[in-house]
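Right, one structure below, let's go through it.
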Amino acid sequence: MKPSRIQEVLDQLLSNTWPVFICGPPGVGKASVVRRVAEQNGLPLLDIRASLLDPTDLRGIPSIQDGRAVWCPPEFLPREEQPPGILFFDELNAAPPLVQASLYQLTLDPGTPFHDRAARGALSLPDGDAAAALCDATHEVLDAAGMPAYEISNFARAGAQSRHNLAYWQGGDYIGIGPGAHGHVTGNAGTDSIYQIHQPERWLAAVEAKKHGTAKRQALTPDERAEEILMTGLRLTEGVNQDQFRALTGLELGDRLDPGGLEKMVEGGFLVSDDVGVRVTTTGRLCLNEVLRQLLVA
């Protein structure tokens, strides 16, 4: 379609406020046509380069209003009270797709406004069955969107999993820098858990005086290391691989699992145990804390 014909179609569709997708090779003048239509109709034009935005950039951030979460759109998007105009998302087909999502259940910690309101009966909270149903529905929607769960509360497209977080869950090393940070460093003698000073003022003073803000460095025993890997690794859909477990701890996976608890969890449909390792099922994912309590050797 020639640019002149595109302009004619856009002029006709303006009165219906229909969204239009203009497709064509780069440099043929699509943006110029839209700009000309806006000028000739006396309409303001907001031109946004969609290829430079993340999907979450357009959604904005949530705020609480009258006890409900309301999404606050970004400042660069038009508001309802503004006069009519044309919103043009340039390079929309090149915009990055949503590749990751997270699912968290709200925890009402004592001393927070949410906890106080719930204690007064001012909040209507879903019961456990409703929360589980919402979790299942989220998994179904994201599975259908090509972003299955790879961890108990994280979803991603193939190859887009967070390598940063996988380092935690797979027992890898990471360095914590800054007040309150926590790190894991493995050397010839084993793995050390390193804690930074929590208070920013004290941490900064220690860095200036000693060139570091470490509060404590603790060498983990093989048993502590094994328990830690089980607690984090079972959060992953892939579970805990017995070969990797042996390489990280020097222990056999089967020796660190309570036989009675393991049998109970497998028979109940909460856990899969095979030659590869152990991993929770969809049912077990909803009650991981109890699965861990049954599995861990005292």
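Observations
- Number of positions in region 188-210 that are among the small types (Gly, Ala, Ser) and surrounded by 13 or more Cβ atoms within 10 Å (Cβ to Cβ): 4
- Region 56-74: number of residues that are in contact with a Phe, Trp or Tyr (Cβ under 7 Å, 6 or more places away or on another chain) and touching a residue at least 12 places away in the same chain (Cβ under 8 Å): 2
- Helices (runs of 4 or more DSSP H) fully within region 258-298 counting 1 or more residues that are of a type in the set (S, T, N, Q) and either farther than 18 Å from residue 243 by Cα or more than 23 Å from the chain's Cα centre (by Cα) (or both): 282-285, 288-295
- The number of residues in region 106-133 being assigned to a helix (DSSP H, G or I) and more than 30 Å from residue 283 (Cβ to Cβ) comes to 4.
- Annotation for region 164-187: no member residue is farther than 30 Å from residue 256 by Cα, part of a helix (DSSP H, G or I) and touching a Gly at 6+ places or on another chain (Cβ under 7 Å).
- Search result, residues across region 150-164 that are hydroxyl-bearing (Ser, Thr, Tyr) and out of contact with any Phe, Trp or Tyr (no Cβ under 8 Å at 6 or more places or on another chain): 150, 162
- Filtering region 193-234 to residues that are outside any helix (DSSP H, G or I) and under 30 Å from residue 285 (Cα atoms) leaves 193, 194, 195, 220, 221, 234.
- Answer residue from region 251-276, given it is hydrophobic (A, V, I, L, M, F, W, C) and touching a Lys or Arg at 6+ places or on another chain (Cβ under 9 Å) and is surrounded by the most Cβ atoms within 10 Å (Cβ to Cβ) among those: 271
- Count of residues meeting criterion [within 30 Å of residue 50 (Cα to Cα) and either at pLDDT below 85 or aliphatic (A, V, I, L, M) (or both)] in region 103-138: 3
- Scan of region 104-124 for residues that are surrounded by 12 or more Cβ atoms within 10 Å (Cβ to Cβ) and of a type in the set (A, V, I, L, M, F, W, C), ordered by number: 108, 114, 118, 123
Matching residues to (1) closer than 30 Å to residue 130 by Cβ; (2) in the same structural domain as residue 151 (by TED's automatic domain parsing); (3) exposed (fewer than 14 other Cβ atoms within 10 Å of the Cβ):
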{"position": "229", "(1), (2), (3)": "no, no, no"}
{"position": "237", "(1), (2), (3)": "yes, no, no"}
{"position": "249", "(1), (2), (3)": "no, no, no"}
{"position": "278", "(1), (2), (3)": "yes, no, no"}
{"position": "289", "(1), (2), (3)": "yes, no, yes"}
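- The listed residues are 53, 92, 46, 77, and the only one of them that is in the same structural domain as residue 24 (by TED's automatic domain parsing) and touching a residue at least 60 places away in the same chain (Cβ under 8 Å) turns out to be 92.
- Listing of strands (runs of 3 or more DSSP E) fully contained in region 7-96 that carry 1 or more residues being among the charged types (D, E, K, R) and surrounded by fewer than 14 Cβ atoms within 10 Å (Cβ to Cβ): 45-49, 68-72
- Residue 155 meets all of the listed conditions (1) more than 30 Å from residue 18 (Cα to Cα); (2) in a helix (DSSP H, G or I) but one, namely (2).
The values are calculated or read from the model by the stated rules, or taken from the named source; none is laboratory data. Just so it is clear, the structure is predicted and the values come from calculations on it, not from any experiment. No Cβ is skipped: glycine too gets one built from the backbone with ideal geometry, and neighbour counts run over all protein chains shown.
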